[in-house]
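Shown next, in C-alpha cells, is the structure this report addresses.
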Amino acid sequence: MTGPVDLTRDQFARWWRETGERELRQVLHWRWDPIGVSDQFPIAADEYDDYGPGVVALLRAGASEEDVADHLAFVERETIGVVEEPDRCAEVAALLASWFEGSVDLWQRREPG
C-alpha cells in the first residue's frame, strides 16, 4: 500500500479533523472490536479512540497491510490484554488500507482548489 504523498501536514490535519478521525473511529468500533463492545453502542462508542492515532500514523507512513495487522494484533495482546485474532486483524488491516486511500481521495476532491 502507498499513502497519499500529496497531502501537506496542514491538509492531513484538516482531513483528520474533518473526516478521518470520525470514520476511523467507526471502523475500529464496528469492524475491529476485539473486546466485543459494539453491541453496547453508543455507551462504548469511544472504547477504541486511543488507538486511532497510531493506526492512522502507520497508514499515512505507507505501512503495508501486514504491518497494520501486526500493529492491531500487538494492541490486542499487549495493550488490551486479549488473545489476538490474526485473521480478523488482517481483514481489518485490508479494510483500513482501502478506507484510508478512499477517504483521503474523496476529501481531496471535495476540497476547494
**Report entry** Checking ALA97 against (1) within 15 Å of GLN26 (Cα to Cα); (2) of a type in the set (Gly, Ala, Ser); (3) over 12 Å from the mean Cα position of the chain (by Cα), the condition it does not meet
**Finding:** (3)
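For the condition surrounded by fewer than 13 Cβ atoms within 10 Å (Cβ to Cβ), closer than 15 Å to TYR48 by Cα and not aromatic (Phe, Trp, Tyr), what is the one hit in GLU78, GLU111? Please lay out each step first, then the result.
Working: GLU111 fails: closer than 15 Å to TYR48 by Cα.
Of the residues listed, the single one that is surrounded by fewer than 13 Cβ atoms within 10 Å (Cβ to Cβ), closer than 15 Å to TYR48 by Cα and not aromatic (Phe, Trp, Tyr) is GLU78.
Please specify each residue of the stretch 19-73 satisfying the condition of being at positive phi and either of a type in the set (Asp, Glu) or modelled with pLDDT of 95 or more (or both).
Matches in the stretch 19-73: ASP33 only.
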Query raised in the report: Could you list, in sequence order, the residues of the stretch 11-48 that are closer than 24 Å to ALA94 by Cβ, of a type in the set (Gly, Ala, Ser) and surrounded by 12 or more Cβ atoms within 10 Å (Cβ to Cβ)?
Result: GLY20, SER38, ALA45
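The values are calculated or read from the model by the stated rules, or taken from the named source; none is laboratory data. Please read these numbers as outputs of a predicted model, since none were measured by experiment. Reconstructed Cβ throughout: ideal geometry from the backbone, glycine too, with neighbour counts over all protein chains shown.
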